[in-house]
Amino acid sequence: MNSRDLIDQWDDARLLAASHENPYCFEVLVKRYRALMLHAANKVLHDPAEAEDAVQEAFFNIYKSANSYHAKPFASFKSFLYRVSINAAISKYRKQKRRYASEYPVSFQKEVYLNVRDTMPDCSSEAQMHFLKNCMMYLPPDLRSIMDQYYGEGKSFQEIAKDNGISPNAVEVRLFRARNALRVVVESKQKEL
């Protein structure tokens with residue numbers, strides 16, 4: 001039995017403690033818990049690529065603070081990793097939300113608003129715009145991208161088609177789907193209020 005086989009049998013806290021001296025120890029932790037952490041992050045972000053980024057950030061933070069980890073009574077190492085991955089995903093979500101809110105001009109927000117105004121909550125226009133920005137985050141990335149390019153960047157159907165390798169008719173259909181999806185999100189979020 002070689003040393004890697006022995007290391008594979010170590011408990012999680014021991015692996016983490018030894019990870020700075022032997023990177024293979026941390027690799028074992030990543031192999032053990034990557035799927036769990038991806039699942040947790042994806043629950044928050046609803047986007048596998050973004051969840052992957054959040055998990056990478058979480059593992060990086062765990063590795064950096066490996067020497068300061070102390071097991072807590074009645075808490076498993078697995079629950080610690082789960083919590084770290086959820087926190088990393090929430091941080092990523094908040095950054096996206098802030099970036100998204102500042103990226104789009106008022107004209108973009110107003111044009112999108114005109115497409116869903118009949119389903120918006122009855123409150124001030126500023127609150128409605130904030131509500132709309134939050135709802136946009138729930139759109140699938142491909143539909144959000146089409147809306148971003150058309151409304152946010154002011155691109156024509158032809159430009160979007162060229163950039164995405166699709167036909168202008170496909171752009172029109174996707175934009176239609178995106179507006180309808182946004183309407184559904186707005187309606188569902190309004191019911192939660």
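The values are calculated or read from the model by the stated rules, or taken from the named source; none is laboratory data. In this text the structure is predicted, and so the values were computed from the model without any measurement. Quick reminder, even Gly has a Cβ in these numbers, built from the backbone with ideal geometry, and neighbours come from all protein chains shown. For the accessible areas, the whole protein counts, side chains as well, though only heavy atoms, and no ligand, DNA or RNA atoms are used. Shrake-Rupley method; radii C 1.70, N 1.55, O 1.52, S 1.80 Å.
Assorted remarks:
- Selected residue (only one of V44, V55 is touching a Leu at 6+ places or on another chain (Cβ under 7 Å) and closer than 25 Å to D142 by Cβ): V55
- Helices (runs of 4 or more DSSP H) within the range 110-193 that include 2 or more residues in contact with a Pro (Cβ under 8 Å, 6 or more places away or on another chain) and either more than 25 Å from K92 (Cα to Cα) or modelled with pLDDT of 80 or more (or both): 157-164
- Every residue from the range 57-69 that is exposed (fewer than 15 other Cβ atoms within 10 Å of the Cβ) and either free of Cβ contacts under 8 Å to residues at least 24 places away in the same chain or hydrophobic (A, V, I, L, M, F, W, C) (or both): F60, K64, S65, S68
- For the residues K78, K72, the requirement of being among the basic types (K, R) and either open to solvent by less than 40 Å² (accessible area, probe 1.4 Å) or in a loop (DSSP other than H, G, I, E, B) (or both) singles out K72.
- Condition check for C25 on (1) touching a Phe, Trp or Tyr at 6+ places or on another chain (Cβ under 9 Å); (2) not in a helix (DSSP H, G or I): one failure, at (2).
- Candidate set from the range 33-45 (those that are out of contact with any Lys or Arg (no Cβ under 9 Å at 6 or more places or on another chain) and surrounded by 15 or more Cβ atoms within 10 Å (Cβ to Cβ)); member that is farthest from D11 (Cα to Cα): N42
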